[in-house]
Amino acid sequence: MTKPDDMSVAELRAELKARAEKLADGGGAREMLWDPDLADVEDGELVQTLIAKQKVIYGVDDRADIFELTDAADRRDADSVAALFRAAEVIDNGDGTSRLTTQNFGTSYGLCAGEPFRDQPVGAFCSGFLVGPDVIATAGHCINATTVGTVRFVFGFRMRGPAQPVTAVPNADIYRGVALLGHTLTSAGADWSLVRVDRPVTGRAILPVRREGKIGNTEPVYVIGHPCGLPTKFADGSAVRGNTEADFFVANLDTYGGNSGSPVFNENTRIVEGILVRGERDFQQLGSCRVSYPCPDTGCRGEDCTRATVFAGLLTPANPWRPTTGLVPCLLPLPRHRLPGRGLHARDGVRRTPHTREPLASHRSDGARQGSVACGLSAWVCDGSGG
């Protein structure tokens, strides 16, 4: 007698796929095509068993809410990441704040009961990050010259606690797109946009980006953004797995639609290596609901990240903006040293082995960093002549 616990991930997926196909063809719920021994097993039990086994075989879901992070530098990185909303979905409350229009994640996506973050709100359609005093980088497919004025860049859309989403945001943290300073969109290559917003962004650090060279093979990376439009999520535990293309690299990041435009950081240096732009499909139908599509670390297609060097020519090596007290200057990113307990995620209790850290790039005699990083827009772009 076959039992769900005795089945492999592939067998569980085959059974659930067979049930879904049979139902789509008008068959009864108990007319299984794969394993008749499972006739008395409910879809929900199969789904929960599959979710548990995916976590064992493919590694845990590395996404975490910002309130769960113990590393102040991780939280600082997250502060510089914005959620992209349509203007019509940001409603002014008349009291100095605006309400973000959102829906329930689980309901709007038809998710199974065990799916992470199922009860949280979704609303953002892409992600972006600060690269100049009034300039935000995102994916090219997220925004263009026609839509730039209809997009609002919202900082601070996150969870304050397990059941505390921030959906009323100070207007001071909401910025309007006013000009497209650079843009490329190719289906299998570079995909990026640089957007000027209506005023300088305050209280948030400009993120350093790689200016030349490229990330090392198998280098550890992490990403911060808005998967499926959720409040900000941090995801590490990933690495570069494809590094041969000129305009992008491939990594096994835990990302979804809505993560497009997210900064992808080098875990050893904290420099932004690229922009998350495309990847594997997000969900699969399992019976009457959907779960995250499972992939082994070396399987599926991976997630494509446009290299920061593709657009870094529009940026200056010197940071014209000085962050507020307590923030790390742009030219001196810190490596991601884990604080005590950082190797243990509060969400899942699964221990991760810290990655080996490499020394930071040395300084040249002229004060510039070898393996240059870049922050801020060059004067010819900032004055509008390069747009």
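Scanning the stretch 205-215 for residues that are open to solvent by 30 Å² or more (accessible area, probe 1.4 Å) and not in a strand (DSSP E or B) yields R211, E212, G213, K214. If you go through the stretch 171-192 and pick out every residue that is in a strand (DSSP E or B), buried (at least 19 other Cβ atoms within 10 Å of the Cβ) and either of a type in the set (D, E, K, R) or touching a residue at least 60 places away in the same chain (Cβ under 8 Å) (or both), you end up with 7. In the stretch 191-213, what count of residues is obtained for those that are hydrophobic (A, V, I, L, M, F, W, C), within 19 Å of the chain's Cα centre (by Cα) and within 19 Å of A139 (Cα to Cα)? Residues meeting the conditions: 6.
Give the stretch 64-109 a look and list any residue that's open to solvent by 30 Å² or more (accessible area, probe 1.4 Å) and of a type in the set (D, E, K, R), or say none. Correct list: E68, R75, R76, D79, R86, E89, D92, D95, R99.
So which residues in the stretch 110-124 are closer than 15 Å to K233 by Cβ and either touching a residue at least 24 places away in the same chain (Cβ under 8 Å) or open to solvent by less than 30 Å² (accessible area, probe 1.4 Å) (or both)? Please lay out each step first, then the result.
The initial filter retains those residues of the stretch 110-124 that are closer than 15 Å to K233 by Cβ, namely 115-124.
If the condition is that a residue be closer than 15 Å to K233 by Cβ and either touching a residue at least 24 places away in the same chain (Cβ under 8 Å) or open to solvent by less than 30 Å² (accessible area, probe 1.4 Å) (or both), then E115, P116, F117, D119, Q120, P121, V122, G123, A124 are the ones that fit.
Does E267 fit the bill of being open to solvent by less than 10 Å² (accessible area, probe 1.4 Å) and touching a residue at least 40 places away in the same chain (Cβ under 8 Å)? Taking the combined requirement at face value, the residue satisfies it. Answer with yes or no whether F157 is under 19 Å from A82 (Cβ atoms), assigned to a loop (DSSP other than H, G, I, E, B) and not charged (D, E, K, R). In short, yes. Taking each residue of the stretch 229-240 that is under 23 Å from E219 (Cβ atoms) and among the aliphatic types (A, V, I, L, M) and looking for partners that are assigned to a strand (DSSP E or B) and open to solvent by less than 10 Å² (accessible area, probe 1.4 Å) with beta-carbon atoms closer than 6 Å, six or more apart or interchain, yields A235/R63; A235/V223; V240/F249; V240/A251.
Could you tell me which residue of the stretch 131-158 is nearest to G177 (Cα to Cα), considering only residues that are open to solvent by 40 Å² or more (accessible area, probe 1.4 Å) and among the charged types (D, E, K, R)? Checked the stretch 131-158; the qualifying residue nearest to G177 (Cα to Cα) is R152.
The values are calculated or read from the model by the stated rules, or taken from the named source; none is laboratory data. Model, not experiment: these values are computed from the prediction. No Cβ is skipped: glycine too gets one built from the backbone with ideal geometry, and neighbour counts run over all protein chains shown. The accessibility values were calculated without ligands, DNA or RNA, using every heavy atom of the protein model including side chains. Shrake-Rupley method; radii C 1.70, N 1.55, O 1.52, S 1.80 Å.
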